[in-house]
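**Student:** Before I ask anything, let me first share the structure, which is written out below as structure tokens.
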Amino acid sequence: MREIIETQTLIFSVDLNNLNPSLIRSPINLRFAADELIVKSISYADPTNTDTPDVVIIWCNLTNDNIIGSFTNTSSITVRHGEHFRISNTFQTGILELQFQQTRAPTIPFYYNPQPLISDIGTTHGVVSIEIEFVKHDK
């Protein structure tokens, strides 16, 4: 296993009630060219208690697999993670895009990739916080 030689942690807090169309694009300028993205934690709270039960999928443009996590919108929750995701190419400067996608199927029995954005039917109205660590390995 390769040794980690650099890390940088970023926390994204997003009010999903104000997102349209349920995505954020954030410019990022890391201190190093990252090889990997680690999801450290995902927290969610709905202070309005108006969510329609759903599992929200978090899609990210930087990783090979794109899906980096999910959370249920039926309760306030913090989940500690540690999932490692390879970055498509090394990443230092650019745009990080996160999409919040629904899994609830109101008119058909199932969805598959890509799922519609949560803003398409307005199921999730709380605040999500995602702690992401960017990592550089020795070569």
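**Student:** Would you pick out the residues in region 1-47 that are acidic (Asp, Glu) and crowded, with 17+ Cβ neighbours inside 10 Å?
**Tutor:** Asp35, Glu36, Asp46
**Student:** Got a sec? Which of Ser88, Ser70, Ser41, Ser26 is of a type in the set (Gly, Ala, Ser), in contact with an Asp or Glu (Cβ under 7 Å, 6 or more places away or on another chain) and on the phi < 0 side of the Ramachandran plot?
**Tutor:** Unique residue meeting the criteria: Ser41.
**Student:** Could you please find all residues in region 18-48 being more than 16 Å from Ile132 (Cβ to Cβ) and touching a Gly at 6+ places or on another chain (Cβ under 9 Å)?
**Tutor:** Ala45, Asp46, Pro47, Thr48, listed by residue number.
**Student:** Out of region 97-139, which residues are under 16 Å from Thr52 (Cα atoms), in a strand (DSSP E or B) and modelled with pLDDT of 85 or more?
**Tutor:** The answer is Phe100, Gln101, Val127, Val128.
**Student:** Evaluate the following for Thr93: is it surrounded by 12 or more Cβ atoms within 10 Å (Cβ to Cβ), among the β-branched types (Val, Ile, Thr) and modelled with pLDDT of 85 or more?
**Tutor:** The answer is no for Thr93.
**Student:** I've got another one for you. Applying the selection to region 1-53, what residues are among the hydroxyl-bearing types (Ser, Thr, Tyr) and in a loop (DSSP other than H, G, I, E, B)?
**Tutor:** Ser22, Thr48, Thr50, Thr52
The values are calculated or read from the model by the stated rules, or taken from the named source; none is laboratory data. Everything numeric in this text was worked out from a predicted model, so none of it was measured. With ideal geometry, Cβ positions are generated from the backbone for all residues, glycine too; neighbour counts draw on all protein chains shown.
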